[in-house]
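Note sheet for the following structure.
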Amino acid sequence: MNKEGMFRYLDRNKKTLTDISDKIWDYAETAFEEFRSADLIMDTMKRHGFDVESGTGGIGTAFCASFGAGGPVIGILAEYDALSGLSQEAGAAERREVIPGGNGHGCGHNLFAGGSVGAAMAVKEYISENKLPGTVKLFGCPGEEGGSGKAFMARGGAFGGLDAALAWHPMAVNAILDMSMLANYQVLYKFKGTASHAAASPEKGRSALDAAELMNVGVNFLREHVIQDARIHYAITNSGGFSPNVVQPTADVLYLIRAPRTSQVEEIYQRVNKIARGAAMMTETEVEIQFVKACANIVPNKTLSKALHDNLTGMDMPVYTEEELNLASMIAKTSPGSASSDLERYVRGRPAELRRCLDMLDGHPICDMALPFYPDDPDSILPGSSDVGDVSWITPTAQVVTACYSLGTPEHSWQLVSQSKTSIGHKGMMLAAKAMAGAAVDALESPDLLKRAKEELTERLNGETYRSAIPAHVMPKPISKL
Ligand SMILES: [Zn+2]
């Protein structure tokens, strides 16, 4: 079997992959509660001859499906969690909620699952047809949204022994995601005070809500004295009830602290803790600091990314029907984003190149070209976070993105949910499966590629090794059950 034969195998299995994606879209399960989604993928992998281990890293909805023997060992990452509050009719060009307040696949992780399953199946076929040594492992990674499932899996040693890892993400363009992303900690501050009648006996009360508010004020002053690239966000997840005539006895604030490196997050976290304790002292309340999760920054790997880009550009780009183009145009009219902002991330600091790409896409509501990749560019930071970060510290890791949505579609939006269960999304998913399978085969057959990718990782880590920032006693939990 050659690569072309492997891609034809993927085309023959398109229905299996689109069915997985569409069913997971229907299930729309949120972080660490993706039981049906994980079962569906595990059953499929077993049927296709993979050995499946469930509960990887002690997480009920994580798994690892392996095929092959010996090295090299190539990991492919799959995600399948949805977002709350984004229920939306598929293929609609206007906001139409299906289940009031229900969940929706606002980050396209249903497609993510289908594409990664496809890549793993194709690599398995290639290994067995060609009787090659080597192993392919599909990692079922739950709770990416607000849960950092991969970071818990990494803490449990799931990614040890890999020679390389590949992942992808549905997006509005076809490109390589070679940027670093921010490390983060998520921490819940739980204040406890004393309830009392707010008018008749206020002197007997000690307000937990006052403490939470004072903590937030303190942190807002802290912002002036942290590094530029740090981000500190919070949500009051419990304000102590809705009776203003009660001195609120409880209040919870969930913090998300981000910075380019884990050591910088740790430093800010210690300062935020001091502010929380200070707020408790001022109000004569108590504070409990509950560490929820952490994830590491992404260590880019240009060597492996280049191999992935070569495979992406070697592929025929999808061709879209009139119907798909019409839907994409209608959705684009409702989107606040633009093609230019979608492209800028990848064509950084090259205005002429950006104009050239925009000209080529003029009148195309869906990106039908592969964007250039600049392996020699200095690293840039995408100011978000991803738990792929933890994997990227352990083994050379590369990520591709493919166009599954109209240009300008905002992430985590109803427009994205709508397109995640359409043939537009399916076409992007198939392209990603092929690009990852192609790069995995290159890694299996080229010891030199893996050697150079590992040398790059060693150089970038500069003597540091991966250390999980999540304390040993902290286990993953659905956000509604913190
Ligand atoms: Zn996502």
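The values are calculated or read from the model by the stated rules, or taken from the named source; none is laboratory data. Keep in mind the model is a prediction, meaning the values are calculated, not measured. Counting neighbours? That spans all protein chains shown, and the Cβs are built from the backbone with ideal geometry, glycine included.
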Based on this model, can you work out whether Ile24 counts as within 22 Å of Phe139 (Cβ to Cβ), away from the ligand (no atom under 16 Å from the Cβ), in a helix (DSSP H, G or I) and of a type in the set (Val, Ile, Thr)? no
Of all residues in region 185-217, which are surrounded by fewer than 22 Cβ atoms within 10 Å (Cβ to Cβ) and under 14 Å from Tyr234 (Cα atoms)? Val187, Leu188, Lys190, Glu213, Leu214, Asn216, Val217
Take Ser128 and decide whether it is surrounded by fewer than 24 Cβ atoms within 10 Å (Cβ to Cβ), among the polar types (S, T, N, Q), closer than 25 Å to Lys427 by Cα and away from the ligand (no atom under 14 Å from the Cβ). no
Determine if region 359-379 includes at least one residue that is aromatic (Phe, Trp, Tyr), touching a strand residue (DSSP E or B) at 6+ places or on another chain (Cβ under 8 Å), in a loop (DSSP other than H, G, I, E, B) and within 15 Å of the ligand (Cβ to nearest atom). no
Subset of region 433-466, residues surrounded by fewer than 12 Cβ atoms within 10 Å (Cβ to Cβ), under 17 Å from Ile298 (Cα atoms) and not hydroxyl-bearing (Ser, Thr, Tyr), comes to Glu459, Asn462, Gly463
Filter region 352-389 down to residues that are surrounded by 13 or more Cβ atoms within 10 Å (Cβ to Cβ), closer than 28 Å to Leu325 by Cβ and acidic (Asp, Glu), then give me how many there are. 2
Residue satisfying all of: in region 397-407; within 16 Å of the ligand (Cβ to nearest atom) and more than 11 Å from Pro318 (Cβ to Cβ); surrounded by the most Cβ atoms within 10 Å (Cβ to Cβ) among these: Tyr405
Being assigned to a loop (DSSP other than H, G, I, E, B) and within 16 Å of the ligand (Cβ to nearest atom) is the filter here; which residues of region 131-149 pass it? Pro142, Gly143, Glu144, Glu145, Gly146, Gly147, Ser148
Given the condition outside any helix (DSSP H, G or I) and assigned by TED's automatic domain parsing to the domain that holds Leu111, answer yes or no: does some residue in region 430-448 qualify? yes
Filter region 164-178 for residues that are closer than 13 Å to Lys306 by Cα and in a loop (DSSP other than H, G, I, E, B); which is nearest to the ligand (Cβ to nearest atom)? Leu177
Cross-chain or 6+ apart pairs with Cβ under 7 Å, region 158-173 first and on the phi > 0 side of the Ramachandran plot, then at pLDDT below 95: none
Quick count over region 408-420, residues being surrounded by fewer than 24 Cβ atoms within 10 Å (Cβ to Cβ) and away from the ligand (no atom under 14 Å from the Cβ), is 2
Read through the list (1) over 19 Å from Tyr27 (Cβ atoms); (2) buried (at least 21 other Cβ atoms within 10 Å of the Cβ), then give the number of the only condition that Asp51 fails. (2)
Subset of region 55-86 [buried (at least 21 other Cβ atoms within 10 Å of the Cβ), of a type in the set (Gly, Ala, Ser) and assigned to a loop (DSSP other than H, G, I, E, B)]: Ala62
Against the definition (more than 30 Å from Arg96 (Cα to Cα), assigned by TED's automatic domain parsing to the domain that holds Ile176, more than 16 Å from the ligand (Cβ to nearest atom) and in contact (Cβ under 8 Å) with a residue 40 or more places away in the chain), how does Ala352 come out, yes or no? no
Lone unmet requirement of (1) over 25 Å from Asn462 (Cα atoms); (2) under 22 Å from the mean Cα position of the chain (by Cα) for Leu358: (2)
Just to be sure before I move on: is Ser385 in a loop (DSSP other than H, G, I, E, B) and within 16 Å of the ligand (Cβ to nearest atom) in the structure I sent? yes
Can you say whether Ala199 is closer than 30 Å to Trp25 by Cβ and either away from the ligand (no atom under 16 Å from the Cβ) or outside any strand (DSSP E or B) (or both), as far as the supplied structure shows? no
Being touching a residue at least 12 places away in the same chain (Cβ under 8 Å), among the β-branched types (Val, Ile, Thr), within 11 Å of Val187 (Cβ to Cβ) and assigned by TED's automatic domain parsing to the domain that holds Val187 is the requirement here; does Ile275 meet it? no
Conditions (1) within 16 Å of the ligand (Cβ to nearest atom); (2) closer than 18 Å to Gly157 by Cα; (3) small (Gly, Ala, Ser): number failed by Ala82: (2)
Might you let me know whether region 314-332 holds any residue that is touching a residue at least 40 places away in the same chain (Cβ under 8 Å), of a type in the set (D, E, K, R), crowded, with 16+ Cβ neighbours inside 10 Å and within 16 Å of the ligand (Cβ to nearest atom)? no
Output the residues belonging to region 89-123 that are buried (at least 24 other Cβ atoms within 10 Å of the Cβ) and either more than 16 Å from the ligand (Cβ to nearest atom) or at positive phi (or both). Gly108, Val117, Gly118, Ala119, Ala120, Met121, Ala122, Val123
